[in-house]
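Participant: Here it is, the structure, as C-alpha cells.
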Amino acid sequence: MSFIAQRLKAIKPSPTLAITAKAAKLKSEGKDIIGLGAGEPDFDTPQFIKDAAIAAMNKGFTKYTPAGGTSSLKKAIIAKYKRDNGLDYTEKQILVSVGGKQSCFNLCMALLDKGDEVIIPAPYWVSYPDMAMMADATPVFIQAGIEQGFRITAAQLERAITPKTRLLFLNSPSNPSGAIYAKADLVALGEVLRKHPRIVIATDDMYEHILLDGSKFVNILDACPDLFNRTVVLNGVSKAYSMTGWRIGYCGGPEELIWAMENVQSHSTSNPSSISQYAAEAALNGDQGCIDPMVVAFKERGKFISEALNAIPGVKCLKPQGAFYVFPDLREAIARLHADGKLKSPTDAALTEYLMEQEKAVAVVPGSAFGMEGYVRISYATSMDNLKKAAERMSKALTPAT
Ligand code: PLP
C-alpha cells in the first residue's frame, strides 16, 4: 500500500537542497570537497537588521500577526515597490509569506485549476514545475539554451500558448542561468501576452538587486505597464540582504488574487515569523547601501569563474549578468569524457557524480534539475579562495590528457 497521494507521485525533492546536503555529508566524513551547490549568499545578515530583530523580541513582538503580514511591513513593501519599481499598491494588494517560495506556492494554489497550463521557461528555478503540479496544473516548458542567451523569444512564447494557458513564470536575473531580460525582450513578450488576456504573469524578481553588468533592473511591468492588473510581482529579502534563514518573501498583485493567496496561507502556515517581519521591515526601510559590498564581491567572483570555465576545453560559459550563478554548457566535455569511458552515461548527472568522486572534489548541480540537460549550475556565493580551488579541480577533471 502506498501512503502517497496521486497528486504527489510526480513531485521530486528539491535537487539543489539534495546536492548541498550530500556535499555537506561527504565533507563531514572527511572528503575534500568544495560545495558550489548552495543558492544562498555567503555573507552575514547586516547588523542593523539583526538589531531590529533583537529589539522586536525585547519589545515582546513575539505573537501572531495578521496572516498576510503586519501593516507596517506592508507599508515598507509598498514604499519599496514605489521606490525601486515605480509601482503603486495598496495594502490589500500585498502579501508577506514564509520566503519567496511560499509566495509562489500560494500563487499556484490560489490561481490554478486542474488542466490549466503553466508556461515555464527552461532553465528554470527548480520549484516552479513541482508547485504547478501540486496545484494539479500542467507545466509547459520553453527551452532557451545558451545560444539564445537563456531568454525565451516572443515567437517561442506564442507557440507555447494554448487556450489552457493560465500562468507564465518569468525570472530575471535568472536562477540558474544568471541571465537577464532586456527591456526590448520584455516588450516583445508583452505584445504576445496582450493578445491572451487569460494569462497571469508571475515576475519573480528575487535577484533584482544582484545586477553585475551595470544594467538597470527591469521587469515586465517596466516594459508593459498596461499588464499591471494581471501581473504578480514576487520578491523577498532572502538574497538581497542575505536573509535566507529568516524566511520572508512578499508579492504585490491583483487584490482578489492576493486575497485568495492569503487564504491559502492562513490555512497552512499563518503569518511568517513576527520577529523576521520586523527585521525585514528594517531591511527595506534601512540604508540600501548594505547590498553594495555583496554585489561588488559577486561581480569579481562571477568574472573569475566564468573566465576560468571558458578556459577549459569543451566548456562554454556566458558572462554573468545577474544573481550569483553561472550555467556553463558542458555538452562537448560530457560527450568527450563519456567517449573516454570516464562517465557512466553521456549526461550532466553522470558528470556531476564524476566531479564529486574525484579525490579533490567539487559539488555542482546538474542542469537537468533545472530542465536543461548538458549544463551544470555553479553557485559562486562562496569565497574567491574556494572558487580558485574549484576552478583548478574542474579544469583538471575536464581537460583531456595530452
Ligand atoms: N525565486 C527564485 C528564482 C529563487 O532562486 C529562490 C530561492 O532560491 C526563491 C524564489 C525563493 O527564495 P526564498 O524562499 O528563500 O525567499
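Participant: Looking at (1) of a type outside the set (Gly, Ala, Ser); (2) surrounded by fewer than 17 Cβ atoms within 10 Å (Cβ to Cβ); (3) not assigned by TED's automatic domain parsing to the domain that holds Lys82, find the lone condition where Arg301 falls short.
Facilitator: (2)
Participant: Which residues, taken from the range 343-402, are of a type in the set (Val, Ile, Thr) and free of Cβ contacts under 8 Å to residues at least 60 places away in the same chain?
Facilitator: Thr347, Val376, Thr402, listed by residue number.
Participant: Has the range 48-61 got any residue that is surrounded by 15 or more Cβ atoms within 10 Å (Cβ to Cβ), closer than 29 Å to Leu355 by Cβ and in contact with a helix residue (DSSP H, G or I) (Cβ under 8 Å, 6 or more places away or on another chain)?
Facilitator: Looking through the range 48-61, none of the residues is surrounded by 15 or more Cβ atoms within 10 Å (Cβ to Cβ), closer than 29 Å to Leu355 by Cβ and in contact with a helix residue (DSSP H, G or I) (Cβ under 8 Å, 6 or more places away or on another chain).
Participant: Looking only at residues that are part of a loop (DSSP other than H, G, I, E, B) and within 16 Å of the ligand (Cβ to nearest atom) in the range 24-41, which one is surrounded by the most Cβ atoms within 10 Å (Cβ to Cβ)?
Facilitator: It comes out as Leu36.
Participant: Tell me which residues, restricted to the range 6-18, are outside any helix (DSSP H, G or I) and surrounded by 15 or more Cβ atoms within 10 Å (Cβ to Cβ).
Facilitator: Ser14
Participant: Which of the following residues is in the same structural domain as Ala155 (by TED's automatic domain parsing) and away from the ligand (no atom under 16 Å from the Cβ): Leu211, Leu227?
Facilitator: Going through Leu211, Leu227 in turn, the sole match is Leu227.
Participant: Kindly establish whether Ala323 is surrounded by 17 or more Cβ atoms within 10 Å (Cβ to Cβ), out of contact with any helix residue (DSSP H, G or I) (no Cβ under 6 Å at 6 or more places or on another chain) and aliphatic (A, V, I, L, M).
Facilitator: For Ala323, the condition - surrounded by 17 or more Cβ atoms within 10 Å (Cβ to Cβ), out of contact with any helix residue (DSSP H, G or I) (no Cβ under 6 Å at 6 or more places or on another chain) and aliphatic (A, V, I, L, M) - is met.
Participant: Here's something else I'd like to know. Among the residues of the range 215-229, write down those that are touching a Phe, Trp or Tyr at 6+ places or on another chain (Cβ under 8 Å) and part of a helix (DSSP H, G or I).
Facilitator: Leu221 - this is the single residue of the range 215-229 that is touching a Phe, Trp or Tyr at 6+ places or on another chain (Cβ under 8 Å) and part of a helix (DSSP H, G or I).
Participant: State whether one or more residues within the range 230-244 are closer than 30 Å to Pro197 by Cβ, in a helix (DSSP H, G or I), at pLDDT 95 or above and away from the ligand (no atom under 13 Å from the Cβ).
Facilitator: Yes; the residues of the range 230-244 include at least one that is closer than 30 Å to Pro197 by Cβ, in a helix (DSSP H, G or I), at pLDDT 95 or above and away from the ligand (no atom under 13 Å from the Cβ).
Participant: Applying the selection to the range 215-224, what residues are in contact (Cβ under 8 Å) with a residue 60 or more places away in the chain and within 16 Å of the ligand (Cβ to nearest atom)?
Facilitator: Phe217, Asn219
Participant: Something else now. Of the conditions (1) closer than 25 Å to Glu353 by Cα; (2) part of a loop (DSSP other than H, G, I, E, B), Ala21 fails just one. Which one is it?
Facilitator: (2)
Participant: Also, I was wondering about something else. Taking Ala76, is it assigned to a helix (DSSP H, G or I), among the aliphatic types (A, V, I, L, M) and in contact (Cβ under 8 Å) with a residue 60 or more places away in the chain?
Facilitator: Spelling it out, Ala76 is indeed assigned to a helix (DSSP H, G or I), among the aliphatic types (A, V, I, L, M) and in contact (Cβ under 8 Å) with a residue 60 or more places away in the chain.
Participant: While we're here: Please determine, by comparing only the residues of the range 52-73 that are part of a helix (DSSP H, G or I) and free of Cβ contacts under 8 Å to residues at least 24 places away in the same chain, which one is farthest from Ala369 (Cα to Cα).
Facilitator: Asn58
Participant: Separate question: Do any helices (runs of 4 or more DSSP H) entirely within the range 307-402 hold 2 or more residues that are within 28 Å of Ala297 (Cβ to Cβ), and if so, which?
Facilitator: Output list reads 348-357, 384-398.
Participant: Separate question: Kindly indicate whether any position in the range 254-269 is assigned to a loop (DSSP other than H, G, I, E, B) and within 16 Å of the ligand (Cβ to nearest atom).
Facilitator: Among the residues of the range 254-269, at least one is assigned to a loop (DSSP other than H, G, I, E, B) and within 16 Å of the ligand (Cβ to nearest atom), which makes the answer yes.
The values are calculated or read from the model by the stated rules, or taken from the named source; none is laboratory data. Since we're looking at a predicted model, the values are computed, not measured. In this analysis, Cβ positions are derived from the backbone assuming ideal geometry, glycine residues included, and neighbour counts consider all displayed protein chains.
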